[in-house]
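Right, one structure below, let's go through it.
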Amino acid sequence: MTPDRTDADAPILVIGRTGQLARALAAQNDAVTACGRDQFDLAQHDPAALLDHHRPRIVINAAAYTDVNGAENDELAAHALNCTGPARLAAACKARDVGFLHVSTDYVFDGTPGQAPYAETAATNPLNVYARTKHEGEQAILDANDTALILRAAWIFDARGGSFLNAILNRLDQGQPLKVVDDQISTPSWAPDLAQALLTLAARTKRPSGVFHYKGGDYASWYDFARAAAELARPHLNCEPVIEAVDSSAFPQAAERPKDTRLDAQALLDAAGIDAGDWRAGLPEVIAQRYEQRIG
Ligand SMILES: NC(=O)c1ccc[n+]([C@@H]2O[C@H](COP(=O)([O-])OP(=O)(O)OC[C@H]3O[C@@H](n4cnc5c(N)ncnc54)[C@H](OP(=O)(O)O)[C@@H]3O)[C@@H](O)[C@H]2O)c1
């Protein structure tokens with residue numbers, strides 16, 4: 001394990017370096033030391049040495065097993081990365097009086113139409129392995145560390161990740177018509193907005209603990225989101241984008257997805273003064289980065 005920087009006084013240690021959220025956290029705060037899996041394998045390594053080396057004031061876990069379809073055939077690895085590793089890290093933070101922030105997912109809910117928007121107290125029912133391991137991780141973290149704070153977020157996107165957004169933009173760049181599901185609804189989250197919420201929480205000397213919902217802006221279906229992205233990308237495309245709304249049944253996937261996981265984030269606003277993000281404001285930034293700086 002080699003430290004990213006020799007600054008052992010860096011107050012915020014982020015687990016993860018190249019991921020969407022990890023990058024956004026590092027970009028927004030010079031006090032962040034981001035630690036890639038080559039330096040600290042969350043699934044395997046003992047966090048004691050990492051914490052004793054960096055001596056952070058707070059740890060933000062931005063690392064996870066995020067391949068939702070892949071997890072269906074890789075449950076042990078998903079569980080190690082989404083549950084056992086974070087719980088071990090949470091316990092090590094607790095033992096050293098280091099704050100611990102973690103990110104979970106809207107997929108802990110089954111999204112049965114008529115249930116959303118979900119408050120934190122709503123009954124969970126994960127539909128796939130990824131979601132189940134994230135849900136088990138929430139409980140294991142809170143069992144290990146009663147001061148931990150877990151933010152559930154949905155549909156994180158940035159300019160470079162292997163996200164849905166980049167997948168559709170890649171297709172549009174190639175002039176291919178798209179079919180996008182309009183029966184899955186949630187709150188897209190622009191990675192820098194979510195990072196800002198976490199860094200605001202990290203800066204607090206007194207933080208609430210437990211599970212909170214983060215809302216990335218107004219609700220949308222994947223179809224709405226794709227349309228908004230295509231509209232912004234249009235000047236950069238060689239032909240008119242064609243996007244057809246379809247039902248989820250048109251796209252059978254290894255992992256079942258919940259239909260409607262709109263999150264109610266009022267509790268986060270009440271407890272910590274953190275309001276919703278604004279993915280519609282982030283999207284033009286992402287499109288500009290992709291087409292004007294060519295980093296897609
Ligand atoms: N993406 C979404 O739509 C979404 C939605 C809801 C919730 N979430 C949650 O939000 C958080 C951030 O997601 P994201 O989209 O930023 O993820 P991401 O882009 O897929 O990045 C995953 C991160 O996990 C790290 N990682 C993977 N295996 C590791 C290991 N064995 N040890 C240490 N680190 C490891 C990677 O490390 P390297 O930097 O070394 O590559 C990377 O930084 C996760 O907890 C995820 O479950 C995501």
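Just to be sure, is Ala131 small (Gly, Ala, Ser), in contact with a helix residue (DSSP H, G or I) (Cβ under 9 Å, 6 or more places away or on another chain) and within 17 Å of Glu256 (Cβ to Cβ)?
Working: small (Gly, Ala, Ser): yes; in contact with a helix residue (DSSP H, G or I) (Cβ under 9 Å, 6 or more places away or on another chain): yes; within 17 Å of Glu256 (Cβ to Cβ): yes.
Criteria met by Ala131.
If a residue has to be touching a strand residue (DSSP E or B) at 6+ places or on another chain (Cβ under 9 Å) and either hydrophobic (A, V, I, L, M, F, W, C) or within 20 Å of Ala272 (Cβ to Cβ) (or both) to count, how many in the stretch 145-180 make the cut? Before you say what the answer is, go through the steps one by one.
In the first step, residues of the stretch 145-180 are kept if they are touching a strand residue (DSSP E or B) at 6+ places or on another chain (Cβ under 9 Å); the result is 145-158, 163-166, 168, 171-172, 177-180.
From what is left, the residues that are either hydrophobic (A, V, I, L, M, F, W, C) or within 20 Å of Ala272 (Cβ to Cβ) (or both) are 145-157, 164-165, 168, 172, 178, 180.
Counting residues in the stretch 145-180 that are touching a strand residue (DSSP E or B) at 6+ places or on another chain (Cβ under 9 Å) and either hydrophobic (A, V, I, L, M, F, W, C) or within 20 Å of Ala272 (Cβ to Cβ) (or both) gives 19.
If you scan the stretch 180-206, which residues turn out to be open to solvent by 10 Å² or more (accessible area, probe 1.4 Å), of a type in the set (S, T, N, Q) and part of a strand (DSSP E or B)?
Taking the stretch 180-206 and keeping what is open to solvent by 10 Å² or more (accessible area, probe 1.4 Å), we get 181-185, 190, 192-193, 196, 199-200, 203-206.
Checking which are of a type in the set (S, T, N, Q) leaves us with 184, 196, 200, 205.
None; the set is empty.
Give Arg37, Arg23, Arg96, Arg17 a once-over and let me know the one that is away from the ligand (no atom under 12 Å from the Cβ), modelled with pLDDT of 95 or more and of a type in the set (Lys, Arg).
Working: Arg37 fails: away from the ligand (no atom under 12 Å from the Cβ); Arg23 fails: away from the ligand (no atom under 12 Å from the Cβ); Arg17 fails: away from the ligand (no atom under 12 Å from the Cβ).
One residue alone meets the criteria, Arg96.
Within 17 Å of the chain's Cα centre (by Cα) and more than 25 Å from Phe109 (Cβ to Cβ) - does that describe any residue in the stretch 250-269?
Checking the stretch 250-269: not a single residue is within 17 Å of the chain's Cα centre (by Cα) and more than 25 Å from Phe109 (Cβ to Cβ).
With the requirement that a residue be touching a Ser or Thr at 6+ places or on another chain (Cβ under 8 Å) and part of a loop (DSSP other than H, G, I, E, B), what does the stretch 58-98 give you?
Tyr65
Suppose we filter the stretch 44-62 for residues that are within 9 Å of the ligand (Cβ to nearest atom) and open to solvent by 30 Å² or more (accessible area, probe 1.4 Å); how many remain? Break it down into steps so the answer makes sense when it comes.
Taking the stretch 44-62 as the starting set, the residues that turn out to be within 9 Å of the ligand (Cβ to nearest atom) are 44-45, 61-62.
Restricting the remaining residues to those that are open to solvent by 30 Å² or more (accessible area, probe 1.4 Å) gives 44-45.
Residues flagged as within 9 Å of the ligand (Cβ to nearest atom) and open to solvent by 30 Å² or more (accessible area, probe 1.4 Å) within the stretch 44-62 amount to 2.
Counting only residues that are touching an Asp or Glu at 6+ places or on another chain (Cβ under 6 Å) and not polar (S, T, N, Q), which one in the stretch 90-117 is least open to solvent (accessible area, probe 1.4 Å)? Outline the logic, then answer.
Keep residues of the stretch 90-117 that are touching an Asp or Glu at 6+ places or on another chain (Cβ under 6 Å), which gives 104, 111, 113, 116-117.
Restricting the remaining residues to those that are not polar (S, T, N, Q) gives 111, 113, 116-117.
Working: Gly111: 1, Pro113: 98, Ala116: 16, Pro117: 62 Å².
It comes out as Gly111.
Quickly run through the stretch 238-293 and pick out the residues that are assigned to a loop (DSSP other than H, G, I, E, B), open to solvent by 60 Å² or more (accessible area, probe 1.4 Å) and of a type in the set (Gly, Ala, Ser).
So the first thing to find is which residues in the stretch 238-293 are assigned to a loop (DSSP other than H, G, I, E, B), and the list is 238-242, 247, 251-259, 261-262, 264-265, 273-278, 293.
Going one step further and asking which of them are open to solvent by 60 Å² or more (accessible area, probe 1.4 Å), we end up with 238-240, 242, 247, 251-254, 256, 259, 275, 278, 293.
Across the stretch 238-293, the qualifying residue is only Ala254.
Looking at the stretch 127-150, which of its residues are surrounded by fewer than 23 Cβ atoms within 10 Å (Cβ to Cβ) and within 12 Å of the ligand (Cβ to nearest atom)?
His135
If I filter the stretch 21-39 for residues that are within 21 Å of Ala255 (Cβ to Cβ) and not in a helix (DSSP H, G or I), do I get at least one hit?
At the first step, the residues of the stretch 21-39 found to be within 21 Å of Ala255 (Cβ to Cβ) are 21.
The next check asks that each one be not in a helix (DSSP H, G or I); those that pass are none.
The answer is no, given that none of the residues of the stretch 21-39 is within 21 Å of Ala255 (Cβ to Cβ) and not in a helix (DSSP H, G or I).
Identify, please: which residue in the stretch 63-92 is free of Cβ contacts under 8 Å to residues at least 60 places away in the same chain and under 19 Å from Ile12 (Cα atoms) and is, among those, nearest to the ligand (Cβ to nearest atom)?
Ala63
How many residues, within the stretch 207-231, are outside any loop (DSSP other than H, G, I, E, B) and either crowded, with 22+ Cβ neighbours inside 10 Å or touching a residue at least 60 places away in the same chain (Cβ under 8 Å) (or both)? It would help to see each step written out before you state the result.
Taking the stretch 207-231 as the starting set, the residues that turn out to be outside any loop (DSSP other than H, G, I, E, B) are 210-213, 220-231.
After this cut, where a residue has to be either crowded, with 22+ Cβ neighbours inside 10 Å or touching a residue at least 60 places away in the same chain (Cβ under 8 Å) (or both) as well, the list is 210-213, 220, 222, 225-226, 229-230.
Final tally of qualifying residues: 10.
Of all the residues that make up the stretch 152-179, how many are part of a helix (DSSP H, G or I) and either open to solvent by less than 10 Å² (accessible area, probe 1.4 Å) or within 16 Å of the ligand (Cβ to nearest atom) (or both)?
Step one: of the stretch 152-179, the residues part of a helix (DSSP H, G or I) are 164-173.
Now drop any that are not either open to solvent by less than 10 Å² (accessible area, probe 1.4 Å) or within 16 Å of the ligand (Cβ to nearest atom) (or both), which leaves 164-169, 172.
Of the residues in the stretch 152-179, 7 are part of a helix (DSSP H, G or I) and either open to solvent by less than 10 Å² (accessible area, probe 1.4 Å) or within 16 Å of the ligand (Cβ to nearest atom) (or both).
The values are calculated or read from the model by the stated rules, or taken from the named source; none is laboratory data. From a predicted model like this one, the values you see are computed outputs, not experimental measurements. In this analysis, Cβ positions are derived from the backbone assuming ideal geometry, glycine residues included, and neighbour counts consider all displayed protein chains. Only protein heavy atoms, including side chains, enter the accessible area calculation; ligands, DNA and RNA are left aside. Shrake-Rupley method; radii C 1.70, N 1.55, O 1.52, S 1.80 Å.
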